[in-house]
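Enquirer: Got a structure here, written out as structure tokens. Questions coming.
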Amino acid sequence: MKKLFFAVPLVALLLAGCSSPAPTVDKVGDAKPAASQPAKTADRSAALGGTVTYDSGVKVTVKSDGFQPVSQYAAGAVDGKAAVFELTVVNGSNKELEAGLMSMPKVTVGAKNTQATPVTDMEAKLGMDMLSTILPGETQTVKFGAGIAAADAAAVRVEVSGPNPFTDKDAIFKGAVK
């Protein structure tokens, strides 16, 4: 049993070292025709509202829905409000996508990337939904909230696990919550 206890993390660490090429990014705004843009290296980050596209064809988008009031029983809210985000995953691959881990994004704020508290609120339906198996060609969307102070809203980072947690790097979205 002790050997298994040490072997499992070791195998996970070794598998995590095997990574696929970085995904491409569809940027929001300032788009020029493709013919006039020089080829650039694939990136795994985008502005909030942008899309990260993986080589497999899976597309991930995180959009800010701003600050929204939550119920008095909400956990993790700041001053009765939550920063609400919408996570959309489009399976453009030819395989089923087990997207459960993608449902738990990490939200950080500020220059030091201080982790924000996830907000759970049954009335606002935050923190209750999870992505499930997404068949090829299907799209799933979930909303999630984070406890962010208004003073920290200018520098927000949302990190979403890649479609394959062993080979794909996380998608990172940055921007302000208004």
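Enquirer: Only counting other Cβ atoms within 10 Å, I'd like 168, 43 sorted with the fewest neighbours first. Display every interim value, and only then the final one.
Expert: Numbers: 168 22, 43 14.
Final ranking by Cβ density, sparse to dense: 43, 168.
Enquirer: Still on this model: Mind checking the full-extension length gain between residue 98 and residue 73? Use 0.36 nm per residue of separation minus the Cα-Cα distance, one decimal, nm.
Expert: 5.9 nm
Enquirer: Once Lys and Arg get +1 and Asp and Glu get -1 on their Cβ, which of 142, 160, 172 lies farthest toward the positive end of the dipole of the range 33-178?
Expert: 172
Enquirer: Using a Cα-Cα cut-off of under 15 Å, which aspartates and glutamates could be cross-linked to residue 63, ignoring same-chain neighbours fewer than 8 residues away?
Expert: Correct list for residue 63: 26, 86, 159.
Enquirer: Using a Förster distance of 25 Å, how high is the FRET efficiency between residue 43 and residue 138, based on the Cβ-Cβ distance and rounded to 0.05?
Expert: 0.45
Enquirer: Please report 123, 138 as a ranked list, fewest other C-beta atoms within 10 angstrom at the top and most at the bottom. Write out the running numbers ahead of the final one.
Expert: Working: 123 11, 138 14.
Placing the least packed residue first, the sequence is 123, 138.
Enquirer: Taking 0.36 nm per residue of separation and subtracting the Cα-Cα distance, what length does fully extending residue 123 through residue 174 add?
Expert: Result for the pair: 15.6 nm of gain on full extension.
Enquirer: Further, regarding this structure: Cut-off is 10 Å between beta-carbons; in what order do 174, 81 appear when sorted fewest neighbours first? Spell out each step's value before the answer.
Expert: On the way: 174 16, 81 19.
Ranking 174, 81 by Cβ neighbours within 10 Å, fewest first, gives 174, 81.
Enquirer: Ok, one more. What is the magnitude of the charge dipole of the range 105-178 about its Cα centre, with +1 placed on the Cβ of each Lys and Arg, -1 on the Cβ of each Asp and Glu, and no other charges, expressed in debye to the nearest 20?
Expert: In total the dipole reaches around 300 debye.
Enquirer: Shifting gears a bit: Over 25 Å between Cα atoms, which of 59/81; 95/174; 95/125; 59/112; 81/125 qualify?
Expert: 59/81; 95/174; 95/125; 59/112
Where a number appears in this text, it was derived from the coordinates with a stated rule and is not lab data. Model, not experiment: these values are computed from the prediction. Every residue, glycine among them, receives a Cβ derived from its backbone with ideal geometry; neighbour counts consider all protein chains shown.
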